[in-house]
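To start, the structure under review is shown below, and the notes come after it.
FYI, it's all coordinate maths here, none of it is from the lab. The shown structure was predicted, so the numbers you read here are calculated from the model rather than taken from an experiment. No Cβ is skipped: glycine too gets one built from the backbone with ideal geometry, and neighbour counts run over all protein chains shown.
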Amino acid sequence: MDEKLVPAHIHFTKWFIRIRWLATLILVIAAFTVKHFFEVAIQENSIYILAGILLLLNILHRIILQHLKKERGSRAIRKIKYEIHFQIITDLIILTMILHFSGGIENPVIIFYFFHLIIASSIFTTAQTYIYAFFTIILASSLALLECFSVVPHYPLTDFIQNDLYKDVYYVFGAGLVFTITSFLIVFLSHMII
């Protein structure tokens, strides 16, 4: 049985890597477009550096996948799942950093966290996926609170939305509550469907 699952897991991992190539390209184009055509203030150089890190990580993921293709059986599936865990965790951390340099919780791209929860739901157990939901909530909440209380600088999306929402404690906690409920609902619904 496990032997039959290896190609499916390899296919999923390859798909995830291909999506990340596209996401890196879109990130660079979006950063350039938002900054130079729409004149929205973002930390463009920081985002380009993060895109470079994402590119290097994807090369690493590709190399790891090439080695994993040689594995067989349940041990192979376990190693492939570890690789997918590594991909999701690094993606979530980089997404948090991208958000930090482009408006924090005021950035509508914050919903991209949810894509990783759906992806996790499609391959991992319910318990593992809820751990990802908690991890995502911790990342988003940490970013919001660190910016709200000026522990780290806030980089507003000037000329895009009201620039001081990140300081409004009611907004931060209200948005955090909605984000938390949505995260758990996505995991719950995804596991009902998948």
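What to note about this one:
- Overall dimensions of the stretch 82-180 by Cα: Rg and Dmax, Å: 13.9, 43
- Relative intensity, log₁₀ I(q)/I(0), of the stretch 116-165 from a Debye sum that treats every alpha carbon as a point, q = 0.22, 0.31 Å⁻¹: -0.77, -1.08
- Under the Debye formula (equal points on every Cα, no solvent term), log10 I(q)/I(0) of the stretch 143-194 at q = 0.14 Å⁻¹: -0.49
- Calculated from the alpha-carbon coordinates, the chain shows an Rg and a Dmax of 18.0, 56 Å respectively.
- Residues of type lysines that Lys35 reaches as a straight line, Cα spacing below 30 Å, ignoring anything fewer than 8 places off in the same chain: Lys167
- For the chain, the membrane-span-like helices by this rule, meaning whole DSSP H stretches whose C-alpha atoms cover at least 20 Å of axis and whose Kyte-Doolittle mean is 0.0 or above, are 2-36, 44-68, 73-100, 126-148, 169-193; this says nothing about an actual membrane.
- Modelled this way, with points 7 Å down the Cα-to-C-beta line, the labels at Phe134 and Asp168 are 3.2 nm from one another.
- Quarter of the Cα convex hull surface for the stretch 1-108, i.e. its orientation-mean projected area (nm²): 7.0 nm²
- Ordering Leu54, Gln128, Val172 by the projection of their Cα atoms onto the charge dipole of the chain, which places +1 on the Cβ of Lys and Arg and -1 on the Cβ of Asp and Glu, puts Gln128 at the extreme positive end.
- On the principal axes of its alpha-carbon atoms, the stretch 64-112 has extents of 45, 15, 11 Å, going from largest to smallest.
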